[in-house]
Amino acid sequence: MRILVDSDACPVKDLIWQEAVTRNIPVIWIVSTAHITDFPQPSQVVTVDSGPEAVDLALVNRVVTGDLVVTQDYGLAALCLQKKAKALSCRGREYRGEDMDRLLTERYIGSKIRRAGGRTRGPAPMKAADRERFSAVLQDMLDRMIS
């Protein structure tokens with residue numbers, strides 16, 4: 001079991017690292033060249049081009065059954081679930097197969113509105129409650145995956 005992180009816009013890297021170190025779980029941070037930052041050491045950092053979907057493709061090509069993926073991307077989460085991995089959003093939502101059709105449809109509709117010149121709401125700013133929920137759900141998921 002490993003934790004793979006879509007690191008480009010992940011605001012909870014510190015919480016992931018804390019749980020990983022506590023449980024001795026390897027973490028793979030996947031980041032584009034446009035978002036390189038400092039990562040906790042020792043870490044495995046995979047740097048990819050900043051092209052569209054480059055991080056997603058690199059991550060999905062590495063994920064295997066039993067891994068945990070942290071991402072805000074519904075499409076990437078759906079692909080990882082198909083590979084029998086678990087997926088978690090940075091706000092503490094555990095992605096489940098039964099939710100993916102609805103989430104992907106909502107994403108498609110929003111994309112269609114934006115392409116037509118309309119506007120859609122983005123995510124709310126990250127709050128302390130979001131971080132707390134993420135931490136609690138991460139711990140719960142890891143407990144279930146390890147036992």
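Taken residue by residue, region 12-28 has no member that is in contact (Cβ under 8 Å) with a residue 40 or more places away in the chain, surrounded by 14 or more Cβ atoms within 10 Å (Cβ to Cβ), over 18 Å from Asp140 (Cβ atoms) and not aromatic (Phe, Trp, Tyr).
In summary, Thr37 fulfils each of the numbered conditions (1) part of a loop (DSSP other than H, G, I, E, B); (2) at pLDDT 95 or above with the single exception of condition (2). Within region 29-45, the set of residues being surrounded by 15 or more Cβ atoms within 10 Å (Cβ to Cβ) and either touching a Phe, Trp or Tyr at 6+ places or on another chain (Cβ under 9 Å) or under 16 Å from Met1 (Cβ atoms) (or both) comprises Trp29, Val31, Phe39, Pro40, Ser43, Val45.
Taking residues in region 42-69 that are within 17 Å of Cys10 (Cβ to Cβ) and at pLDDT below 90, and partners anywhere that are crowded, with 20+ Cβ neighbours inside 10 Å and aliphatic (A, V, I, L, M), the pairs with Cβ atoms closer than 8 Å and at least 6 places apart or on different chains are Ser43/Val27.
Would you be able to say whether some residue in region 120-131 is touching a His at 6+ places or on another chain (Cβ under 9 Å), under 22 Å from Lys13 (Cβ atoms) and surrounded by 11 or more Cβ atoms within 10 Å (Cβ to Cβ)? The answer is no, given that none of the residues of region 120-131 is touching a His at 6+ places or on another chain (Cβ under 9 Å), under 22 Å from Lys13 (Cβ atoms) and surrounded by 11 or more Cβ atoms within 10 Å (Cβ to Cβ).
Beta carbons closer than 9 Å, at least 6 apart along the sequence or on distinct chains, pair a first residue in region 114-137 that is in a loop (DSSP other than H, G, I, E, B) with a second that is of a type outside the set (A, V, I, L, M, F, W, C) and open to solvent by 100 Å² or more (accessible area, probe 1.4 Å) for Gly118/Lys112; Thr120/Arg114.
The values are calculated or read from the model by the stated rules, or taken from the named source; none is laboratory data. Please read these numbers as outputs of a predicted model, since none were measured by experiment. Cβ sites come from the backbone with ideal geometry, for glycine too, and all protein chains shown count toward neighbours. With ligands, DNA and RNA removed, areas are computed over all heavy atoms of the protein, side chains included. Shrake-Rupley method; radii C 1.70, N 1.55, O 1.52, S 1.80 Å.
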